[in-house]
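K.L.:
Can you read through this structure? Questions will come right after.
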4 protein chains.
Amino acid sequence: MKKAILIIQCKDQKGIVASVSEFLYSYQGNILEIDQHVDQEIGMFFMRVSWELDTFGLKREEIEPIFEAKVGKKFDMEFELFFNFRKPRMAVFVSKLSHCLIDILSRHYSGQFDVDIPVVISNHADHKKVVEAFGIPFHYFAVDKANRMDVEEKQLELLNQYRTDFVVLARYMQILSEDFIRNYPNKIINIHHSFLPAFVGAKPYHAAYERGVKIIGATAHYVTEELDAGPIIEQEVARVRHHNSPADLVQIGQDVEKVVLSKAIKYHLERKILAYRNKTIIFY
Amino acid sequence: MKKAILIIQCKDQKGIVASVSEFLYSYQGNILEIDQHVDQEIGMFFMRVSWELDTFGLKREEIEPIFEAKVGKKFDMEFELFFNFRKPRMAVFVSKLSHCLIDILSRHYSGQFDVDIPVVISNHADHKKVVEAFGIPFHYFAVDKANRMDVEEKQLELLNQYRTDFVVLARYMQILSEDFIRNYPNKIINIHHSFLPAFVGAKPYHAAYERGVKIIGATAHYVTEELDAGPIIEQEVARVRHHNSPADLVQIGQDVEKVVLSKAIKYHLERKILAYRNKTIIFY
Amino acid sequence: MKKAILIIQCKDQKGIVASVSEFLYSYQGNILEIDQHVDQEIGMFFMRVSWELDTFGLKREEIEPIFEAKVGKKFDMEFELFFNFRKPRMAVFVSKLSHCLIDILSRHYSGQFDVDIPVVISNHADHKKVVEAFGIPFHYFAVDKANRMDVEEKQLELLNQYRTDFVVLARYMQILSEDFIRNYPNKIINIHHSFLPAFVGAKPYHAAYERGVKIIGATAHYVTEELDAGPIIEQEVARVRHHNSPADLVQIGQDVEKVVLSKAIKYHLERKILAYRNKTIIFY
Amino acid sequence: MKKAILIIQCKDQKGIVASVSEFLYSYQGNILEIDQHVDQEIGMFFMRVSWELDTFGLKREEIEPIFEAKVGKKFDMEFELFFNFRKPRMAVFVSKLSHCLIDILSRHYSGQFDVDIPVVISNHADHKKVVEAFGIPFHYFAVDKANRMDVEEKQLELLNQYRTDFVVLARYMQILSEDFIRNYPNKIINIHHSFLPAFVGAKPYHAAYERGVKIIGATAHYVTEELDAGPIIEQEVARVRHHNSPADLVQIGQDVEKVVLSKAIKYHLERKILAYRNKTIIFY
């Protein structure tokens, strides 16, 4: 079913839901999903609404301007419009650990992810064969301290060339520059292998082992300029015991990472995430 | 904050959200929460909407008739209106096992449950002292095969006398008659100590032990005439291992029962449950 | 580290642990892990013990006969001896759904599974390319009602030829004959896409949807002659909501299936499972 | 069944299991449970073994000295001996929030905890009536900055007087002095309302809300001189969403706190915890 998805945020006011739903109804829109959230503390209103396109009384290109004129302007809304039949284009970055990468490829292969993957980019050549077996181009960039900024420039070029909508860091062990990140605001999803905010930075499983925690976790978040501090999209945990070595924690954690990262990607693909003030609203 | 809650179900049609939200807006209603669900398979629409009462332009007693006249009639809606400051009255039935009972009393005592508990009813005298320490009347009915129907009659009378809105079976080990159940349609919440539909009926923990399952569970559901087959409200599980005896399973399971039952009660109190066709929609 | 693993079961008697540990100590065995379980109900004793081989005072081929003579005979033990450097050989059967298959291949590829995969067998040709990209032979058998028994015979031959130790049914949608199963007693691991014993048989996600459960699950078990009734190895669950369609349940469930099946395989590979009386003891 | 429980730690050496099990066998000891753990990193050996007392060939008071002479001395062991029929005596400290307190009283009331509770101590008078309804003495101490140390002294006296074995801080909102803590090394269990090491200190639910985490947790740990940094005994988590206020997090978290604290108490009562180097080994 072809559908339109509208994401809205504005100051909280009376009559928003009435105006939006009245607008859709006036063009015979059949609402499929409607979710709203009011952050009482800061007085902000957030909404996601989807409706059937085939029976809708506006042409696709008319929706945005007419909505702005009739509704958006009145409430001073920021809004975005998406169509579910326009597949987003997702680039995947990976280093040596393949579990998240192959999990993503597997979901793409089986049709679980409604996405195009134009390219996989890595600072190691290892996974070229596997990636290409799934029919996806693989680009290898040797990175060292000296060429780091040059490589980023070439990667950005490549992403542009492939018309990339968003980027997934599937255990990519390079820190991206602020410049790079500014090109994809709330459009780079990282998987961090701890239950944030615990164990920020390198070697979180070893830190978890040292502290003697009974549960480990993983966190998917949008990348911001501060390391591991961006808006959290999804988290999950797994139980560990005293006899589990740091190597066991790595293995147990990898299963959590895969599930958490794939859920974050899915929410992003389905336009279910609204990010604001370093938090996310997720209408699942 | 004083609020009104409206629960709606009707055939799915265009314009329902617009009509309801327009209605609220026309009387200066400030929507706090709005949730809807469309069951595509059967073409039914379900909605829960809440709004602030203090600034609303209708008197409490006017809301129902005017909503019916302006909106309900048009869409042939079934709807119910609640006010959050009118506390529901909940009777608790219990037999010998006290864990669910005391958990409920504890939540009531700490103010977690916004409910009145006019009475606890039991077929054992054991917990009289504890119940009364929490300031709640305790009624003991000796039940046997011969007097079962008489007791039920007296219990119904008592429930009426206490103006009971709904009943919680907190491990009440008597099977209620169809007659009794018909007095409280979707208003009797039972906790069954298995992950339904597995292990219906008596001694589910022993059955789970025999089968060698690795996870046990508990299920809160509305009571219907068919045993353990009513609409499921909430379920949760806990992990068990080969060295756990049936007695261990009972203990491990009790923690699950408490959490599951209390969540079901909370959803019910907050008017978040819509039951239809032996299923529940829960807008949490 | 090279290690030996001994799996023991016998009637419960005094002095078993003393005898086994005394035996190992008498040949300078350094115990790494020791786990035991007594089933009080049936009076049976189960044990798993592992120790370092390099410093052990017996040659590999001497261990079994000398242990039998000195310990096994006295307690009338059934026991099995394994060496962790002899990789088991695991054949994977799959039909159309690829998620479990690729998850297994991914774990093998990253070195998480200490196993050889000599062959993948399927009744569909679909996944040939992907399987071969991971360097594993793929055999396709067209199966229909008429040739079913012939195909099984050829499959058994193939398994023999590849010196297969055990078989994993990674969503293989054919029912194996009793004959086939008898060739691999407690050596065929199946993943069933429900929380057994709920929803035995076909289309469990649809049945779960119909019943309106709030949690779905998956079960890995050894295959026995009775469908979906063999000893349960591992189970896990995931939460679902009223707005999830049967198709959503399928997707949510697939993540559970992958984790459950991979854990069962790992326990099997590490010789941590003792199966008896349609149950499993798992020393994890 | 009357049983003895022996907890051992020493440098890892060959022959420990053989010596211990041989010792028990030599006096007709029937081993019920045996668990061991070797921390390879630091070369330490840990063990818990339990056996039937009624058929054991040593008198209770002989076990310790004879074990020391025959086994302990040889391996330079630290060990402790417990008998399951000598109930530990547990004092409970609480402030205003009653959920953990009543959960503990409920488990004691139903016989789930094999413990004596000689006294509940609080810095608020609120829960006197409820505690006494469960038949347990309640002592109220008004605490302020000025009298803090005097109160602690009186509390210690009271604990002595009641022959207290260990202390549970069931949401006790006073920080205990180092002096107090030194009286009960690894014998004070605290419940912290976050998933440590995230959100150490005051108001963790509010901090979790600010950070926008998707999962909150609770941690039971032994109290050491450093705040919220002692050996972790148990942790658990619960999922939260964007629409949950800090007050919701408090409520959701309380259910986790109850379960985590009660598990920690149970492990402690059953002598399943070995604490060393700011970690715990838990033989569950």
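K.L.:
Please determine whether any residue of segment A:208-225 is in the same structural domain as A:LEU105 (by TED's automatic domain parsing), acidic (Asp, Glu) and touching a strand residue (DSSP E or B) at 6+ places or on another chain (Cβ under 7 Å).
P.N.:
No, segment A:208-225 contains no residue that is in the same structural domain as A:LEU105 (by TED's automatic domain parsing), acidic (Asp, Glu) and touching a strand residue (DSSP E or B) at 6+ places or on another chain (Cβ under 7 Å).
K.L.:
Residues of segment C:1-32 being assigned to a strand (DSSP E or B) and at pLDDT 95 or above, which ones?
P.N.:
The answer is C:LYS3, C:ALA4, C:ILE5, C:LEU6, C:ILE7, C:ILE8, C:GLN9, C:CYS10, C:LYS11.
K.L.:
Next question, about the same structure. List, please: which pairs have Cβ atoms under 6 Å, are six or more places apart or on different chains, and start with a residue in segment D:128-153 that is more than 21 Å from D:ARG89 (Cβ to Cβ) and end with one that is in a helix (DSSP H, G or I)?
P.N.:
D:VAL143/D:VAL151
K.L.:
Being within 13 Å of chain C (Cβ to nearest Cβ) and surrounded by fewer than 20 Cβ atoms within 10 Å (Cβ to Cβ) is true for just one of B:ARG241, B:ARG271. Which residue is that?
P.N.:
Checking each option against the conditions leaves just B:ARG241.
K.L.:
Please go through segment A:1-29 and give me each residue that is within 9 Å of chain B (Cβ to nearest Cβ), in contact with a Ser or Thr (Cβ under 7 Å, 6 or more places away or on another chain) and crowded, with 19+ Cβ neighbours inside 10 Å, ordered by number.
P.N.:
Matches in segment A:1-29: A:VAL17, A:ALA18, A:SER21.
K.L.:
Let me ask you something else. Quick check on A:GLY217: is it touching a Phe, Trp or Tyr at 6+ places or on another chain (Cβ under 9 Å), modelled with pLDDT of 95 or more and within 8 Å of another protein chain (Cβ to nearest Cβ)?
P.N.:
yes
K.L.:
Is it true that D:ILE42 is among the hydrophobic types (A, V, I, L, M, F, W, C), touching a helix residue (DSSP H, G or I) at 6+ places or on another chain (Cβ under 7 Å) and modelled with pLDDT under 95?
P.N.:
no
K.L.:
Checking the structure you have, find out if any residue of segment C:109-121 is within 14 Å of another protein chain (Cβ to nearest Cβ), among the acidic types (Asp, Glu) and crowded, with 18+ Cβ neighbours inside 10 Å.
P.N.:
Scanning segment C:109-121, I find no residue that is within 14 Å of another protein chain (Cβ to nearest Cβ), among the acidic types (Asp, Glu) and crowded, with 18+ Cβ neighbours inside 10 Å, so the answer is no.
K.L.:
Could I ask something else about it? Could you tell me which numbered condition A:GLY135 fails, if it satisfies all but one of (1) assigned to a loop (DSSP other than H, G, I, E, B); (2) within 14 Å of chain C (Cβ to nearest Cβ); (3) in contact with a Lys or Arg (Cβ under 8 Å, 6 or more places away or on another chain)?
P.N.:
Here A:GLY135 clears every test but (3).
K.L.:
Return the residues of segment D:220-238 that are within 11 Å of chain A (Cβ to nearest Cβ) and in contact with an Asp or Glu (Cβ under 6 Å, 6 or more places away or on another chain); say none if nothing qualifies.
P.N.:
Within segment D:220-238, just D:ALA220 meets the criteria.
K.L.:
Can you tell me which condition C:MET47 does not meet? The list is (1) without any contact (Cβ under 8 Å) to a residue 60 or more places away in the chain; (2) surrounded by 22 or more Cβ atoms within 10 Å (Cβ to Cβ); (3) in the same structural domain as C:HIS192 (by TED's automatic domain parsing), and all the others hold.
P.N.:
Result: C:MET47 fails condition (3) only.
K.L.:
Applying the selection to segment A:83-100, what residues are part of a strand (DSSP E or B), more than 14 Å from every other protein chain (Cβ to nearest Cβ) and in contact with a Phe, Trp or Tyr (Cβ under 8 Å, 6 or more places away or on another chain)?
P.N.:
Residues satisfying the conditions are A:ARG89, A:MET90, A:ALA91, A:PHE93.
K.L.:
Does D:GLN40 satisfy the condition of being farther than 26 Å from C:TYR27 by Cβ and surrounded by fewer than 18 Cβ atoms within 10 Å (Cβ to Cβ)? Don't jump to the end; show me each part of the working.
P.N.:
Values: farther than 26 Å from C:TYR27 by Cβ: no; surrounded by fewer than 18 Cβ atoms within 10 Å (Cβ to Cβ): yes.
No, not satisfied.
K.L.:
Just to be sure I understand, how many residues within segment D:265-284 are touching a residue at least 40 places away in the same chain (Cβ under 8 Å) and not in a loop (DSSP other than H, G, I, E, B)?
P.N.:
The total comes to 12.
K.L.:
For the list (1) within 8 Å of chain A (Cβ to nearest Cβ); (2) out of contact with any strand residue (DSSP E or B) (no Cβ under 6 Å at 6 or more places or on another chain); (3) not basic (Lys, Arg), I need the number of the one condition that B:GLN36 fails.
P.N.:
Looking at each condition in turn, B:GLN36 falls short on (2).
K.L.:
If I filter segment A:122-150 down to residues being in contact with a strand residue (DSSP E or B) (Cβ under 8 Å, 6 or more places away or on another chain) and aromatic (Phe, Trp, Tyr), which single residue comes out as surrounded by the fewest Cβ atoms within 10 Å (Cβ to Cβ)? Spell out how you get there, then give the answer.
P.N.:
Residues of segment A:122-150 in contact with a strand residue (DSSP E or B) (Cβ under 8 Å, 6 or more places away or on another chain): A:122-125, A:127-128, A:131-132, A:136-141.
In the following step, the residues that additionally are aromatic (Phe, Trp, Tyr) were identified as A:138, A:140-141.
Working: A:PHE138: 18, A:TYR140: 14, A:PHE141: 18.
My answer is A:TYR140.
K.L.:
Confirm whether A:GLU80 is more than 14 Å from chain B (Cβ to nearest Cβ), without any contact (Cβ under 8 Å) to a residue 12 or more places away in the chain, closer than 30 Å to A:ASN160 by Cα and not in a loop (DSSP other than H, G, I, E, B). Don't jump to the end; show me each part of the working.
P.N.:
Numbers: more than 14 Å from chain B (Cβ to nearest Cβ): yes; without any contact (Cβ under 8 Å) to a residue 12 or more places away in the chain: no; closer than 30 Å to A:ASN160 by Cα: yes; not in a loop (DSSP other than H, G, I, E, B): yes.
Against the criterion (more than 14 Å from chain B (Cβ to nearest Cβ), without any contact (Cβ under 8 Å) to a residue 12 or more places away in the chain, closer than 30 Å to A:ASN160 by Cα and not in a loop (DSSP other than H, G, I, E, B)), A:GLU80 does not qualify.
K.L.:
Show the residue pairs meeting these rules: Cβ distance below 6 Å; 6+ apart or different chains; first residue within segment C:178-206 and among the basic types (Lys, Arg); second residue crowded, with 18+ Cβ neighbours inside 10 Å.
P.N.:
Note: pairs meeting the criteria are C:LYS187/C:PHE166.
K.L.:
Moving on. So which residues in segment D:21-60 are under 19 Å from C:ASP12 (Cβ atoms) and under 27 Å from the mean Cα position of the chain (by Cα)?
P.N.:
D:ILE31, D:LEU32, D:GLU33, D:ILE34, D:ASP35, D:VAL49, D:SER50, D:TRP51, D:GLU52, D:LEU53, listed by residue number.
K.L.:
Tell me, yes or no, whether segment B:149-170 has at least one residue that is within 23 Å of B:VAL237 (Cβ to Cβ) and away from chain D (no Cβ under 14 Å).
P.N.:
Yes, there is a match, as at least one residue in segment B:149-170 is within 23 Å of B:VAL237 (Cβ to Cβ) and away from chain D (no Cβ under 14 Å).
K.L.:
Within the group C:ASP54, C:ASP126, C:ASP103, which residue is over 30 Å from D:GLU52 (Cβ atoms), assigned to a helix (DSSP H, G or I) and not small (Gly, Ala, Ser)?
P.N.:
Result of the check over C:ASP54, C:ASP126, C:ASP103: C:ASP103.
K.L.:
Kindly indicate which of C:GLU61, C:GLU41 is over 16 Å from C:GLU270 (Cβ atoms) and more than 10 Å from every other protein chain (Cβ to nearest Cβ).
P.N.:
Values: C:GLU41 fails: more than 10 Å from every other protein chain (Cβ to nearest Cβ).
Exactly one of C:GLU61, C:GLU41 is over 16 Å from C:GLU270 (Cβ atoms) and more than 10 Å from every other protein chain (Cβ to nearest Cβ), namely C:GLU61.
K.L.:
Still on this structure, I have one more. Hey, any hits in segment B:247-264 for a residue that's outside any loop (DSSP other than H, G, I, E, B), away from chain C (no Cβ under 14 Å), of a type in the set (A, V, I, L, M) and surrounded by 15 or more Cβ atoms within 10 Å (Cβ to Cβ)?
P.N.:
As a first pass, look at segment B:247-264 and keep what is outside any loop (DSSP other than H, G, I, E, B): B:247-264.
So of that shortlist, the ones also away from chain C (no Cβ under 14 Å) come out as B:250-255, B:257-258, B:262.
Filter once more, so that each one left must be of a type in the set (A, V, I, L, M): B:250, B:252.
Now drop any that are not surrounded by 15 or more Cβ atoms within 10 Å (Cβ to Cβ), which leaves B:250, B:252.
Looking through segment B:247-264, at least one residue is outside any loop (DSSP other than H, G, I, E, B), away from chain C (no Cβ under 14 Å), of a type in the set (A, V, I, L, M) and surrounded by 15 or more Cβ atoms within 10 Å (Cβ to Cβ).
The values are calculated or read from the model by the stated rules, or taken from the named source; none is laboratory data. As the structure is a computational prediction, the values presented were derived from the model and not from experiment. Note: ideal-geometry Cβ built from the backbone for every residue, glycine included; neighbour counts use all protein chains shown.
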